[in-house]
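These notes are about the structure you will find just below.
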Amino acid sequence: MTTTEKEDAFEAGAGAGAGAGAGRGRGSLYPYRVRGRGRGGIVLWIGGRGDEPDQVFALAGGGRRRVPVFVTGRQLRAYVRRHGWRTAASAVGTLELVRVQHWLDDPIRRKVPPGAVLEAWNFFEDLARGVDAVHRLPQQGAVHNSAYEKLFGGESVAWTPDERRAVLELITAGVELWHTCPVIVNPRYHGGRAATPAA
């Protein structure tokens with residue numbers, strides 16, 4: 001992918017708005033902080049273009065995709081500027097993954113943190129697409145769709161046992177993916193090819 005193609009992939013729709021979700025679906029870049037046990041940092045999220053799904057920004061090289069992870073927003077902004085890109089939002093969205101991991105420690109006795117679990121679910125799907133590891137998450141079917149709808153509606157207390165099991169399996173796999181996916185911490189510059197939104 002040439003520099004011009006990279007710019008086209010990430011600049012389209014970047015000026016659509018300043019809110020965390022503004023301009024999504026246009027290939028825009030969004031900073032996103034993941035606060036989790038063991039691994040945390042700020043990644044870049046790519047809004048899918050048209051009907052394409054969102055994904056976490058990753059670099060291809062050496063036969064695998066690696067996620068640039070930044071300790072501070074300043075480091076991320078410097079990286080983005082060096083590549084001639086810009087983010088669609090200055091504010092950094094945050095996934096409180098620690099809350100999800102705390103729930104996973106004892107999901108029978110602890111109350112589901114619905115907002116954090118919903119955000120984690122979305123993040124893990126987008127991460128899997130970004131690092132070309134969709135196979136590492138459970139294949140989703142009707143039970144997942146039903147559980148997601150209830151979660152989105154704030155009704156996780158109404159999950160059936162099958163729905164609860166499906167969510168636990170997916171979120172556990174997602175946490176494992178986040179902890180084991182290849183990353184580059186605070187890259188100053190990387191000449192690898194940027195991942196493009198999956199078709």
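The values are calculated or read from the model by the stated rules, or taken from the named source; none is laboratory data. Computed from a predicted model, the values in this text were never measured in an experiment. Virtual Cβ from ideal backbone geometry, glycine too; neighbours counted across all protein chains shown. Just so you know, the surface numbers come from the protein's heavy atoms only, side chains and all, with ligands and any DNA or RNA stripped out. Shrake-Rupley method; radii C 1.70, N 1.55, O 1.52, S 1.80 Å.
Please work out if Gly63 is out of contact with any helix residue (DSSP H, G or I) (no Cβ under 9 Å at 6 or more places or on another chain) and in contact (Cβ under 8 Å) with a residue 24 or more places away in the chain.
no
Of the numbered conditions (1) among the β-branched types (Val, Ile, Thr); (2) in a loop (DSSP other than H, G, I, E, B); (3) closer than 28 Å to Arg65 by Cα, Thr172 fails exactly one; give the number of that condition.
That leaves (2) as the condition not met.
Look through Glu119, Glu96, Glu176, Glu163 and report the one residue that is open to solvent by less than 40 Å² (accessible area, probe 1.4 Å) and among the charged types (D, E, K, R).
Values: Glu119 fails: open to solvent by less than 40 Å² (accessible area, probe 1.4 Å); Glu96 fails: open to solvent by less than 40 Å² (accessible area, probe 1.4 Å); Glu176 fails: open to solvent by less than 40 Å² (accessible area, probe 1.4 Å).
Selected residue: Glu163, the only one of Glu119, Glu96, Glu176, Glu163 that is open to solvent by less than 40 Å² (accessible area, probe 1.4 Å) and among the charged types (D, E, K, R).
Just to verify a result, which residue in the stretch 29-62, among those that are of a type in the set (Gly, Ala, Ser) and assigned to a loop (DSSP other than H, G, I, E, B), is surrounded by the most Cβ atoms within 10 Å (Cβ to Cβ)?
Filtering the stretch 29-62 down to residues of a type in the set (Gly, Ala, Ser) leaves 36, 38, 40-41, 47-48, 50, 58, 60-62.
Filter once more, so that each one left must be assigned to a loop (DSSP other than H, G, I, E, B): 36, 38, 40, 47-48, 50, 58, 62.
On the way: Gly36: 18, Gly38: 10, Gly40: 15, Gly47: 26, Gly48: 18, Gly50: 8, Ala58: 28, Gly62: 9.
Looking at the filtered set, the residue picked out is Ala58.
Of all residues in the stretch 10-28, how many are modelled with pLDDT under 50, in a loop (DSSP other than H, G, I, E, B) and farther than 13 Å from Gly93 by Cα? Can you show your working first?
Taking the stretch 10-28 and keeping what is modelled with pLDDT under 50, we get 10-26.
This time we only want the ones that are in a loop (DSSP other than H, G, I, E, B), so: 12-26.
Subset that is farther than 13 Å from Gly93 by Cα: 12-17, 23-26.
So the count comes out to 10.
With the structure loaded, tell me whether Leu151 is aliphatic (A, V, I, L, M), touching a helix residue (DSSP H, G or I) at 6+ places or on another chain (Cβ under 6 Å) and in contact (Cβ under 8 Å) with a residue 12 or more places away in the chain or whether it fails that test. Give the derivation first.
Values: aliphatic (A, V, I, L, M): yes; touching a helix residue (DSSP H, G or I) at 6+ places or on another chain (Cβ under 6 Å): yes; in contact (Cβ under 8 Å) with a residue 12 or more places away in the chain: yes.
Taking the combined requirement at face value, the residue satisfies it.
For the stretch 123-144, which positions are open to solvent by 50 Å² or more (accessible area, probe 1.4 Å) and under 23 Å from Val69 (Cβ atoms)?
Hits for the stretch 123-144 are Arg129, Asp132, Val134, His135, Arg136.
Please specify each residue of the stretch 77-102 satisfying the condition of being of a type outside the set (D, E, K, R) and closer than 16 Å to Arg35 by Cα. Before you say what the answer is, go through the steps one by one.
First pass over the stretch 77-102, keeping only residues of a type outside the set (D, E, K, R): 78-80, 83-85, 87-95, 97-98, 100-102.
Once the filter is applied, which keeps residues that are of a type outside the set (D, E, K, R) and closer than 16 Å to Arg35 by Cα, the stretch 77-102 yields Ala91, Val92, Gly93, Thr94, Leu95, Leu97, Val98, Val100, Gln101, His102.
Considering the stretch 81-93 alone, what residues qualify as being surrounded by fewer than 19 Cβ atoms within 10 Å (Cβ to Cβ) and in contact (Cβ under 8 Å) with a residue 24 or more places away in the chain? First the steps, then the outcome.
Within the stretch 81-93, the subset surrounded by fewer than 19 Cβ atoms within 10 Å (Cβ to Cβ) is 81-84, 86, 90-93.
Residues satisfying the conditions are Arg82, His83, Gly84, Arg86, Ser90, Ala91, Val92, Gly93.
The conditions are (1) at pLDDT 95 or above; (2) in contact with a helix residue (DSSP H, G or I) (Cβ under 8 Å, 6 or more places away or on another chain), and Thr87 fails exactly one of them. Which is it?
Answer for Thr87: the failing condition is (1).
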